[in-house]
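Where a number appears in this text, it was derived from the coordinates with a stated rule and is not lab data. Only a predicted model underlies this, so the values are computations on that prediction, with no experimental measurement involved. Note: ideal-geometry Cβ built from the backbone for every residue, glycine included; neighbour counts use all protein chains shown.
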Amino acid sequence: MFKVLPDAKVKWKSVWIGGMVTSLLFVVGKTALGLYFEKANPGTGYGAAGSIILILLWSSYSSMIVFFGVEFTKVFSGHFYGVVPPSEIAKKQPDSLKKNN
């Protein structure tokens, strides 16, 4: 996913390291959330909607970890391999959307 989705030529070494960091964070967080759900039982205060609340908590956590992994991969690749060049199909960002440096 970290190699195919971006419109950039990301090196495989960066992708593997970013994927490993993301999977490690996912496993640690899954364990921590499991312990939290077991002890605190956050769904009980919501009655019948408790299971939906737990699903929303889990999906929110999962998406945050994936986004953090993508950002880690970008920073890691930029730090060790320089600027990541865009692929042939990448579109240039309009001047109005560029950050002011």
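For the chain, which longest stretch is free of loop sites, where a loop site is one of the trypsin sites (Lys or Arg not before Pro) that DSSP puts outside H, G, I, E and B and that has at most 10 other Cβ atoms within 10 Å? That gives 1-90 as the longest site-free run. Fewest-first ordering of SER59, SER77 by other beta carbons within 10 Å of each residue's beta carbon gives SER59, SER77.
When the P(r) is computed for the chain, the part past 23 Å accounts for 46% of the Cα-Cα pairs. Relative to the dominant Cα principal axis of the chain, helix 12-40 is inclined by about 20°. Considering the zone a paramagnetic label at PHE68 would reach in this model (a point 7 Å from Cα along the Cα-to-Cβ line), which residues of the range 10-27 have amide N under 12 Å from it? Within reach of a label on PHE68: 21-27. Counting neighbouring beta carbons within 10 Å and listing from fewest to most, the residues SER62, SER14, SER51 come out as SER51, SER62, SER14. Spin-label model, LEU25 to LEU57: label points 7 Å out along the Cα-to-beta-carbon direction sit 2.0 nm apart. For ILE65, ILE53, the sequence from fewest to most other C-beta atoms within 10 Å is ILE53, ILE65. Evaluate the relative contact order of the range 15-79 (contact order divided by residue number), counting alpha-carbon pairs under 8 angstrom at least 6 apart; express in whole percent. Relative contact order here is 54 percent. Axis of helix 50-81 versus longest Cα principal axis of the chain: the two differ by about 30°, to the nearest ten degrees.
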